[in-house]
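The values are calculated or read from the model by the stated rules, or taken from the named source; none is laboratory data. What you see is a predicted model; the values in this text were computed from it and never measured. Cβ: placed from backbone, ideal geometry, glycine included. Neighbour counts: every protein chain shown. Ligands, DNA and RNA are stripped out before the accessible areas are found, and what is left, the full protein with its side chains, is counted by its heavy atoms. Shrake-Rupley method; radii C 1.70, N 1.55, O 1.52, S 1.80 Å.
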Amino acid sequence: MAAQRIMARCDELARITATPGRGIERVYLSPEHAQVNRVVAAWMREVGMSARQDAAGNLVGRIEPADREPGGPALVLGSHLDTVPDAGRFDGIAGVLMALETVRMLRSPGEAETAAPGASGTVVLPFALEVIAFADEEGTRFGAALLGSAAVAGTWREEWWQLTDAQGVSLREAFVEFGLDPGRVGEAARRPEDLVGYLEAHIEQGPELEGREESLAVVSSIASARRFDITVEGETRHAGGTPYDMRRDALLGASEAALAVERICRAEHHIIGTVGQLGAFPGAVNVVPGEAKLSLDLRGELDETRDRVWQQISDEVDAIMARRGLHWRAQEFHSAPAVFCAPLLRDVVREGIVSTLPRGADEPAQIFSRAGHDGMALAGITDVGMLFMRNPGGISHHPDEFVSAQDVRAGLQALAEAVLHLAAERR
Ligand code: GLV
Ligand code: MN
Ligand code: MN
């Protein structure tokens, strides 16, 4: 029932998109962001939570413990509601909806049946529960990722206000347009002493669980990431009249650099580099490109390996550009260290998964997340734990992204059990 509701609601939220008929796209501070927050706020109230939008546009639901003073520390469950362009319907969204169903399951006995919809409820836990639906995990609109969770972690950076989207709208202008006050973003920050920890369920976004024929995994850590805008400069010349020996073709240099990224990263364990954007300028069919721009997303299990690989890539790109008479520069626009899930939260997630398995089953898988998550920002203020669900084909950031209702059902049981195990630890 609960898993079916999650699947149906993932379908429902998929209809809130800037590109109807052409896929899902819901970016930070857009009309779709406002709309999805309104819908999910109503679902928060339906399970007995209070719901508010914080000073950065995150949606925050809260339910108090039955036998403690209200206003005490909260365990935060959640994920994000923003998407990449042409997105799937589960990345982030499933985690938010699973958090809400967990609240429904843990609501004080009897309340769920007797309370009027929307009446404030309680949970029989030694802490409050919050559900945060983060507003910008993907970083699709302004380039810098994890803006929503960074605001909650109190690590918002002044220089972000100057970031602009593809239309030239600055983050500051978008805030105002959305109805938020840039001067008050600090109010979204939470104090470590008010938090018990952060637990997130998410699809794996990779093929490991499918390969192991298992539904769920404990996440051991979240990959470190660095992102760069790279510019290559050469010389714009006539495509017909310029012999090869006289060309300084920036696009060819950029292309060689992209191939070098693949070659170097393939040779390293647990490092992955992606060139997701490549542009040639001035961009005419009959002009040798004088400038090229490419992006680089570099991730690794450990910061040191990732940084050593970046040095290797830089040295190789130096050599490529020198050979071709080109110049290059890189501007880093995102950097996040690897985050290790807290041992206690790993344990309770493991216990949660074990509760879904037959007696004597193998130990649950422990895998590191190559994808980024809001927990990367939250780790600065609280313990972080994550649960992964099998993602058929490892397809994500794609309309065919999927997770089965059976795996969602198992994930939900594991998440609720994990919360109960944590409660038992803290009683
Ligand atoms: C977010 O999904 C990321 O890993 O880039
Ligand atoms: Mn994503
Ligand atoms: Mn995600």
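Computed quantities for the displayed model
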{"read-out": "Among the residues listed as SER255, SER170, the single one being outside the structural domain of HIS80 (by TED's automatic domain parsing) and not β-branched (Val, Ile, Thr)", "value": "SER255"}
{"read-out": "Test: residue in the range 302-311 that is within 15 Å of ligand 1 (Cβ to nearest atom) and not in a strand (DSSP E or B)", "value": "yes"}
{"read-out": "Qualifying residue in the range 268-285 (condition: outside any helix (DSSP H, G or I) and polar (S, T, N, Q))", "value": "yes"}
{"read-out": "Conditions (1) open to solvent by less than 20 Å² (accessible area, probe 1.4 Å); (2) among the hydrophobic types (A, V, I, L, M, F, W, C); (3) assigned to a loop (DSSP other than H, G, I, E, B): number failed by ALA361", "value": "(1)"}
{"read-out": "Residue identified as in a loop (DSSP other than H, G, I, E, B) and either surrounded by 15 or more Cβ atoms within 10 Å (Cβ to Cβ) or away from ligand 1 (no atom under 16 Å from the Cβ) (or both) among ALA18, ALA51", "value": "ALA18"}
{"read-out": "Conditions (1) open to solvent by less than 10 Å² (accessible area, probe 1.4 Å); (2) on the phi > 0 side of the Ramachandran plot; (3) within 16 Å of ligand 1 (Cβ to nearest atom); number of the one not met by LEU146", "value": "(1)"}
{"read-out": "Where a residue in the range 80-94 is assigned by TED's automatic domain parsing to the domain that holds ARG22 and its partner, wherever it lies, is surrounded by 24 or more Cβ atoms within 10 Å (Cβ to Cβ) and among the polar types (S, T, N, Q), with Cβ under 6 Å and at least six apart", "value": "GLY92/SER79"}
{"read-out": "Scope the range 56-89; condition within 16 Å of ligand 1 (Cβ to nearest atom) and open to solvent by 10 Å² or more (accessible area, probe 1.4 Å); matching residues", "value": "VAL84, PRO85, ASP86, ARG89"}
{"read-out": "Filter pass, LEU59 being touching a residue at least 60 places away in the same chain (Cβ under 8 Å), within 22 Å of PHE388 (Cα to Cα) and among the aliphatic types (A, V, I, L, M)", "value": "no"}
{"read-out": "Qualifying positions in the range 206-225 - crowded, with 22+ Cβ neighbours inside 10 Å and either of a type outside the set (Ser, Thr, Tyr) or within 14 Å of ligand 2 (Cβ to nearest atom) (or both)", "value": "LEU209, LEU216, ALA217, VAL218, VAL219, ILE222, ALA223, ALA225"}
{"read-out": "Conditions (1) outside any strand (DSSP E or B); (2) away from ligand 1 (no atom under 15 Å from the Cβ); (3) touching a residue at least 60 places away in the same chain (Cβ under 8 Å); number of the one not met by PRO109", "value": "(3)"}
{"read-out": "Checklist (1) surrounded by 13 or more Cβ atoms within 10 Å (Cβ to Cβ); (2) not assigned by TED's automatic domain parsing to the domain that holds GLN331 applied to ILE230, failing item", "value": "(2)"}
{"read-out": "Counted residues, the range 365-390 - those being open to solvent by less than 10 Å² (accessible area, probe 1.4 Å), within 16 Å of ligand 1 (Cβ to nearest atom) and under 16 Å from PRO207 (Cβ atoms)", "value": "4"}
{"read-out": "Test: residue in the range 164-180 that is within 24 Å of VAL76 (Cβ to Cβ) and part of a helix (DSSP H, G or I)", "value": "yes"}
{"read-out": "Verdict on GLY253 being assigned to a strand (DSSP E or B), away from ligand 2 (no atom under 16 Å from the Cβ) and either free of Cβ contacts under 8 Å to residues at least 40 places away in the same chain or surrounded by 14 or more Cβ atoms within 10 Å (Cβ to Cβ) (or both)", "value": "no"}
{"read-out": "VAL384 vs. criteria modelled with pLDDT of 95 or more and outside the structural domain of GLU235 (by TED's automatic domain parsing)", "value": "yes"}
{"read-out": "Number of the exception - ASP315 against (1) touching a residue at least 12 places away in the same chain (Cβ under 8 Å); (2) in a helix (DSSP H, G or I); (3) of a type in the set (D, E, K, R)", "value": "(1)"}
{"read-out": "Residue in the range 111-132 that is of a type outside the set (Ser, Thr, Tyr) and within 16 Å of ligand 3 (Cβ to nearest atom) present", "value": "yes"}
{"read-out": "Looking only at the range 174-207, and only at residues there that are closer than 23 Å to ARG89 by Cα and in contact with a His (Cβ under 8 Å, 6 or more places away or on another chain), the one that is nearest to ligand 1 (Cβ to nearest atom)", "value": "GLN205"}
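Residue-by-condition table, conditions (1) touching a residue at least 60 places away in the same chain (Cβ under 8 Å); (2) within 16 Å of ligand 2 (Cβ to nearest atom):
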residue: PRO337; (1), (2): yes, no
residue: ASP347; (1), (2): yes, no
residue: VAL354; (1), (2): no, no
residue: MET386; (1), (2): yes, yes
residue: VAL403; (1), (2): yes, yes
residue: VAL408; (1), (2): yes, no
